[in-house]
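The values are calculated or read from the model by the stated rules, or taken from the named source; none is laboratory data. If you're wondering where the values come from, they're calculated on a predicted model, not measured in any experiment. Note: ideal-geometry Cβ built from the backbone for every residue, glycine included; neighbour counts use all protein chains shown. Just so you know, the surface numbers come from the protein's heavy atoms only, side chains and all, with ligands and any DNA or RNA stripped out. Shrake-Rupley method; radii C 1.70, N 1.55, O 1.52, S 1.80 Å.
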Amino acid sequence: MGRTVRRAVRFLRRPKVFDAALVIVISVPSVIALVVMIARGETGEAPRLVHYLVGAALLLWRRRRPVLTAALMTALDVTGMALRLVTVADLPMAIALYSLGRHTSGRVTALAALAAYACYALAGEVFQPGRGNWVGYVFAVATTVGVGQLVRLRAELDERARSEAADAAVREERRRIARELHDIVAHHITVITALVGGARATLPAEQEVTRDALKSAEQTAREAMTEMRLLLDVLRADDVLRDGDLIGADGAGGTGPDAATGVGADRLPALVAEARSAGLSTSLTVTGTPVALPAPVDLAVYRIVQEALTNTRKHAAGARAGVRLAYEPEAVEVEVVDDGRATGSGTPGFGLGGMAERVTLCGGRLTTGPQPGGGFRVHARIPLETP
């Protein structure tokens, strides 16, 4: 029962449903009265009721077109005064003016309310002279529009409070993640670096190949630690989320968190060399004229290649990989293709999903999957104008 009630309440809170229900509720008595009058042949009050029902029907637009609704309602009431159908403001007029204050702001509200008051006051003096209706219309217009403004302001303050609370929760979660990364991942990377360095120092001079491999591993660990520190700084920066700048506010600047990691397309040769030193035969081809990429795109290109080469090493041991980076006038393409056969070992991770998220945030398109002749292909096309 409770669930049914909650569903009904949520349904009625929908703007279109609520407005339609409002019009029905305030119209039903007048419709019944009009039907009864027509049945009895008493049509003297019928024009007044029709005038009221037309005004009620205009309220269907009160939320989407508040100024237009108030203008039409004012014109309808002025016409009613001229035809002696109304003498004072009625309920539809009050709701229309409330909606004007509720769903508009600033100069628009003030000018529309002033115009409505001027029309009502002038019509009152012309069609009902000597009654001083202009004084009453000051109160009627100011009160209804003012109440609408107060409700709108309260709603905006509540929404701002909810948004600030949500931002605070996200910032706290970012700080928690930063603590975990520092205490666990960063610690382990530091230990690995020390162990690899120690092992390299104890090798005999004739084991040059092993020494070079350990040196490359040590350098990779140090680079990972450097990127980890930059990432921790970003996670602890409260102003990143507060400014709503997840990938750079201008789409090309370096103000987002991703821009702080310091890697991009210009680091691809070093990344390919690192893959070779790790035992993966890798080639790099660059076509087109290299240009400075927007920070999010620059990082996405690097991370796509990094993740694709990592996957090749993990799942297709002994394969060869080719990296292609193509600069075009309006986009950049990056492709990583290997000729290996997946071993099926290992637990699926989040790499491909992370690639897709990065490319999507940049407004690009990512395609991944096995090739007909064997091997795996990762291809991304990213526009240089980020959304």
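The residues on offer are LEU100, LEU91, and the sole one that is in contact (Cβ under 8 Å) with a residue 40 or more places away in the chain and open to solvent by less than 20 Å² (accessible area, probe 1.4 Å) is LEU100. When the criteria are applied in full, PRO387 meets the requirement of being open to solvent by 50 Å² or more (accessible area, probe 1.4 Å), in contact with a Gly (Cβ under 6 Å, 6 or more places away or on another chain) and at pLDDT below 85.
Would you confirm whether any residue within the range 104-122 is open to solvent by 80 Å² or more (accessible area, probe 1.4 Å), assigned to a helix (DSSP H, G or I) and among the basic types (Lys, Arg)? Yes.
Does at least one position in the range 210-230 carry a residue that is more than 23 Å from ARG276 (Cα to Cα), open to solvent by 50 Å² or more (accessible area, probe 1.4 Å) and part of a helix (DSSP H, G or I)? Among the residues of the range 210-230, at least one is more than 23 Å from ARG276 (Cα to Cα), open to solvent by 50 Å² or more (accessible area, probe 1.4 Å) and part of a helix (DSSP H, G or I), which makes the answer yes. Restricting attention to the range 295-331 and to residues that are of a type in the set (Ser, Thr, Tyr) and open to solvent by 10 Å² or more (accessible area, probe 1.4 Å), the residue that is modelled with the highest pLDDT turns out to be TYR327. Filtering the range 348-380 to residues that are within 17 Å of the chain's Cα centre (by Cα) and charged (D, E, K, R) leaves GLU357, ARG358.
Counting only residues that are within 24 Å of LEU150 (Cβ to Cβ) and in a helix (DSSP H, G or I), the range 78-103 holds 13 of them. For the range 356-373, the candidate set comprises residues that are modelled with pLDDT of 85 or more and within 15 Å of VAL337 (Cα to Cα); within that set, the residue that is surrounded by the fewest Cβ atoms within 10 Å (Cβ to Cβ) is PRO372. Within the range 250-276, residues that are open to solvent by 50 Å² or more (accessible area, probe 1.4 Å) and of a type in the set (Lys, Arg) have Cβ atoms under 8 Å from residues that are at pLDDT 55 or above and part of a helix (DSSP H, G or I) in these pairs: ARG267/TYR302, counting only partners at least 6 apart in sequence or on another chain. Can you tell me which residues in the range 171-205 are farther than 15 Å from LEU232 by Cα, at pLDDT 80 or above and in a helix (DSSP H, G or I)? Hits for the range 171-205 are ILE192, THR193, ALA194, LEU195, VAL196, GLY197, GLY198, ALA199, ARG200, ALA201, THR202.
Considering every residue within the range 130-137, establish whether at least one is under 26 Å from ALA46 (Cα atoms), aliphatic (A, V, I, L, M) and either surrounded by 20 or more Cβ atoms within 10 Å (Cβ to Cβ) or modelled with pLDDT under 90 (or both). No, because not a single residue in the range 130-137 is under 26 Å from ALA46 (Cα atoms), aliphatic (A, V, I, L, M) and either surrounded by 20 or more Cβ atoms within 10 Å (Cβ to Cβ) or modelled with pLDDT under 90 (or both).
Could you tell me whether the range 140-147 includes any residue that is part of a helix (DSSP H, G or I), in contact (Cβ under 8 Å) with a residue 24 or more places away in the chain, open to solvent by 50 Å² or more (accessible area, probe 1.4 Å) and not hydrophobic (A, V, I, L, M, F, W, C)? Within the range 140-147 (the criterion being part of a helix (DSSP H, G or I), in contact (Cβ under 8 Å) with a residue 24 or more places away in the chain, open to solvent by 50 Å² or more (accessible area, probe 1.4 Å) and not hydrophobic (A, V, I, L, M, F, W, C)), the answer is no, since none of the residues qualifies.
When the residues of the range 66-80 are filtered to those that are open to solvent by less than 30 Å² (accessible area, probe 1.4 Å) and closer than 19 Å to SER30 by Cα, which remaining residue is modelled with the highest pLDDT? Steps first, please.
Start the filter on the range 66-80 by keeping residues that are open to solvent by less than 30 Å² (accessible area, probe 1.4 Å), which leaves 66, 69-70, 73-74, 77, 80.
Checking which are closer than 19 Å to SER30 by Cα leaves us with 73, 77, 80.
Details: MET73: 92, ASP77: 89, GLY80: 88.
This residue is MET73.
Of the residues screened, LEU22 is one that is open to solvent by less than 70 Å² (accessible area, probe 1.4 Å) and either out of contact with any strand residue (DSSP E or B) (no Cβ under 7 Å at 6 or more places or on another chain) or not aromatic (Phe, Trp, Tyr) (or both).
Being closer than 21 Å to ALA115 by Cα and touching a residue at least 40 places away in the same chain (Cβ under 8 Å) is the filter; apply it to the range 56-65 and report the residue that is surrounded by the fewest Cβ atoms within 10 Å (Cβ to Cβ). The qualifying residue surrounded by the fewest Cβ atoms within 10 Å (Cβ to Cβ) is ARG63.
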